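To keep things clear, I will list the structure first and then write my remarks on it.
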Amino acid sequence: MASQSKPIVWSIAGSDSGGGAGIQADLATFQDFAVHGCTVITAITAQNSFAVGYVAVTPRRALAAQINALDSDLPANAIKLGMMASEEVVEMVIKYLDDYSGFVVCDPVIRASSGDSLLSGEATQLVREKLLPRVDLLTPNRNEAEALLGRQLRGLDDVEQGAKEIVALGARSVLITGGHFPALNSERLDYWTDGERGFWLHGRNVETVNSHGSGCTLSAAIAAAVARGYALPDALVLAKAYVTQGLRLSSQIGGGPGAVAHMGWPTHHWDLPSVNHSLRQHSAQAFPDCGGPLGLYPVVDSAAWVERLLELGVNTIQLRVKDKTGEALQAEIQQAVAASQKYKARLFINDYWQEAIAADAYGVHLGQEDLLTADIAAIRSAGLRLGVSTHSYFEIATAHNVKPSYIALGPIFPTTSKVMPFSPQGIGQLKKWVALLGEHYTLTAIGGIDARRARDVLATGVGSCAMISAITESQDVEATVAELLALHQKADGVTQ
């Protein structure tokens, strides 16, 4: 097989003659996510913005020919399943998936947005009993979830239980989308679970009737993101941001409701969902800002290093103590805080939020695990700033839930300072994160950055490089700090 420049994603779905849903929406989504889209057309529908007027199910022989043609030359990295139209189509898809090992997301299209039925009761039963065990992710809306469960969902409070019941039917995971539920606090909520873990995606509520194809677009975006190498939680965040963007920018084309717009990779923080693990665990109040870019941001392990670097003109610094506890830890933090107050610098204490509050530090820096255990309300009430480490879209959305003072992005390059479960993200990914977050959040980039690499990092507009060994292991600390301060001053237009 020839070298593959793009991941390949199949859409096994129906054709929407109106262009707003089905394979038409899927291909537009694949284009925006820079994957190569292939189609297996299960049915031809005659529909417009008002209704579905006619459905012609693809004959068995034609369906098999499409699958065989693609499988022999353009095998899928991921498959999106949409409208399957009949028992025969469902049976053929099940047969193919028996030998397919890639990622499969299924949007169980049972009814069109207009309310027209698109799948018989017998076929729905087959989906429930035979197809679900072959699906990595199911993405039903409220009506589809209720059809699969055979019961009604009693509002958002019943969604978690309903999702677990669907997983019990055989699906490896499920995302119940919230578009058919009432908005909660001006947000649309989706819930994901694999039966053990679970979380809520909070997205902005877009008041529009132009939502045709939203379910198709969401599942296609998830498949495309997974095919590009993103973990499923990241793919869910990206897909929700993409659909929210599409709803926000949608417009009416025909006489009835319009379709979701396809406007490229999501690049506006307004569209970014937040993640939390409880329906009502949602933060509304933002932490105070940092008063401008962080600039050069050394991360050091002692108060002595804090004092040394502040004397050299650094005005943002983090104390990450690794080898002290109890009174020794408190004394180290108090010494560093005293130095920061002397130089009117921004000192963030890593992890030890209670000691930071007691010492009246400027701020606290927390990792993702610490967000689950720290008393975020206490940190906010004490007036401290908060910084949060992130390494992925899912972690960014988790940080977005607490509205921190700044977000750290990384690792940008390979690093030896700590063991990282995440691969280096690179300048290209950093650019996307800056585009998404830069207008709303103060940012810093971290991971393997030295003076040579700092130029390229700062060219993304991130505004700050967080550094450890590039400074603490330098042969000439004074010269290195002076060079880095000058680079930040040039890039940011601020005096360090």
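What is the ratio of the Cα radius of gyration of segment 1-62 to 2.2 N^0.38 Å, with N the residue count, to two decimals?
My calculation over the Cα atoms of segment 1-62 gives 1.28.
Take the Cα coordinates of segment 8-276, assign each an equal point scatterer, and use the Debye formula without solvent to give log10 I(q)/I(0) at q = 0.07, 0.16 Å⁻¹.
Values returned for q = 0.07, 0.16 Å⁻¹ are -0.21, -1.25.
Stretched out fully, how many nm does the piece from residue 360 to residue 452 gain, at 0.36 nm a residue minus the Cα gap?
29.5 nm
In deg cm²/dmol, rounded to 500, what helix-only [θ] at 222 nm does the chain give when every DSSP H run of at least 4 residues adds -39500 (n - 2.57) and the total is split over its residues?
The helix contribution divided over the chain gives -11000 deg cm²/dmol.
Taking the Cα centre of segment 358-467 as origin and charging only Cβ (+1 Lys, Arg; -1 Asp, Glu), how large is the dipole, in debye to the nearest 20?
Charge dipole of segment 358-467: 340 debye, to the nearest 20.
Given a cut-off of under 8 Å on Cα pairs at least six residues apart, what relative contact order in percent is computed for segment 8-276?
This gives 19 percent for segment 8-276.
Output the relative contact order of segment 295-492, whole-number percent, from Cα pairs under 8 angstrom with separation of 6+ residues.
Dividing the mean separation by the residue count of segment 295-492 yields 19 percent.
Cβ neighbours within 10 Å, averaged per peptide: list 436-445, 323-332 in order, most packed at the top.
Per-residue mean Cβ counts within 10 Å order the peptides as 436-445, 323-332.
Using only the alpha-carbon atoms of segment 367-424 as identical scatterers, what base-10 log of I(q)/I(0) does the Debye formula give at q = 0.12, 0.19, 0.24 Å⁻¹?
The Cα Debye sum returns log10 ratios of -0.31, -0.71, -0.99.
For a quick check: with amide H placed at 1.01 Å from N, whose amide H comes under 5 Å from residue 47's, ignoring anything fewer than 5 positions away on the same chain?
17, 18, 53
Of the options 430, 466, 398, report the single residue whose Cα projects farthest towards the positive end of the charge dipole of segment 383-496 (beta-carbon charges: Lys, Arg +1; Asp, Glu -1).
Toward the positive end, the furthest listed residue is 398.
Applying a 10 Å radius around every beta-carbon, put 71-78, 43-50 in order of their mean neighbour count, most first.
43-50, 71-78
Hey, could you get me the Stokes-Einstein D for segment 47-184, Kirkwood radius over alpha-carbon pairs, 20 °C and 1.002 mPa s, rounded to whole µm² s⁻¹?
It comes out at roughly 134 µm²/s.
Could you compute the net charge surrounding residue 244? Neighbours are other residues with a C-beta less than 9 Å from the C-beta of residue 244; K and R count +1, D and E count -1.
Surrounding charge for residue 244 is +3.
Contact order normalised by length for the chain, with contacts defined as Cα pairs under 8 Å and 6 or more residues apart; what percent is it?
Relative contact order for the chain comes out at 11 percent.
Provide the net charge surrounding residue 23, with neighbours chosen by a C-beta distance below 11 Å and charges set as Lys +1, Arg +1, Asp -1, Glu -1.
After counting each charged neighbour, the total is -1.
Under a point spin-label approximation (7 Å from Cα along Cα-to-Cβ), what is the residue 478-residue 422 distance to one decimal in nm?
In this crude spin-label approximation the distance works out to 3.7 nm.
In segment 1-104, how does Rg compare with the Kirkwood Rh, expressed as the Rg/Rh ratio over alpha carbon atoms?
My calculation puts Rg/Rh at 0.97.
Could you check how many percent of all C-alpha pairs in segment 295-492 are farther apart than 20 Å?
When every Cα pair of segment 295-492 is considered, 54 percent fall beyond 20 Å.
Project the alpha carbons of the chain onto their principal axes and report the range along each, largest first, in whole Å.
Its Cα atoms span 77, 51, 42 Å along the three principal axes.
Convert each backbone phi in segment 35-50 into a coupling constant with the Karplus relation 6.51 cos²θ - 1.76 cosθ + 1.60 (shift: θ = phi - 60°), then list the ³J(HN,Hα) values in order as whole Hz, x for Gly and Pro.
Along segment 35-50, the couplings run 10, 8, x, 10, 10, 10, 7, 8, 6, 10, 10, 9, 8, 9, 6, 9 Hz.
Across segment 295-492, how many lysine pairs, 8 or more positions apart or on different chains, have C-alpha atoms separated by under 21 Å? Please give the number.
Lysine pairs satisfying the spacing and distance rule in segment 295-492 number 5.
Give the separation of the Cα centroids, segment 382-460 to segment 213-234, in Å.
23 Å
Give me P(r) over segment 202-264, computed from all C-alpha to C-alpha distances, binned every 10 Å, as integer percentages.
That works out to 25, 49, 22, 5, in percent per bin.
For residue 157 and residue 270, compute 0.36 nm times the residue count separating them, minus their Cα-Cα distance, and round to one decimal in nm.
38.1 nm
Report the label-to-label distance for residue 67 and residue 432 in nanometres (one decimal), using points 7 Å from each Cα along the Cα→Cβ vector.
Inter-label distance under the simple model: 3.1 nm.
Where does each of 142-155, 289-302, 189-202 land if you order them by average Cβ count within 10 Å, highest first?
Ranked from most to least packed, the peptides come out as 289-302, 189-202, 142-155.
Among 305, 443, 52, which residue has its Cα positioned farthest towards the positive end of the charge dipole of the chain, with +1 placed on the Cβ of Lys and Arg, -1 on the Cβ of Asp and Glu, and the dipole taken about the Cα centre?
52
Can you list the residues of segment 436-457 with backbone N under 14 Å from a point 7 Å past the Cα of residue 490, pointing along Cα to Cβ?
Under 14 Å, as judged by backbone N against the label point of residue 490, lie 451-457 of segment 436-457.
Find how much the distance from residue 180 to residue 197 grows on full extension, using 0.36 nm per residue of separation minus their present alpha carbon separation; answer in nm with one decimal.
Computed gain between residue 180 and residue 197 is 3.8 nm.
Given the C-alpha centroids of segment 41-74 and segment 253-327, what is the distance between them in whole angstrom?
Comparing the Cα centres of segment 41-74 and segment 253-327, I get a distance of 46 Å.
Rule-based calculations on the coordinates, nothing more; no lab input. What you see is a predicted model; the values in this text were computed from it and never measured. Glycine gets a Cβ as well: all are built from the backbone with ideal geometry, and neighbour counts include every protein chain shown.
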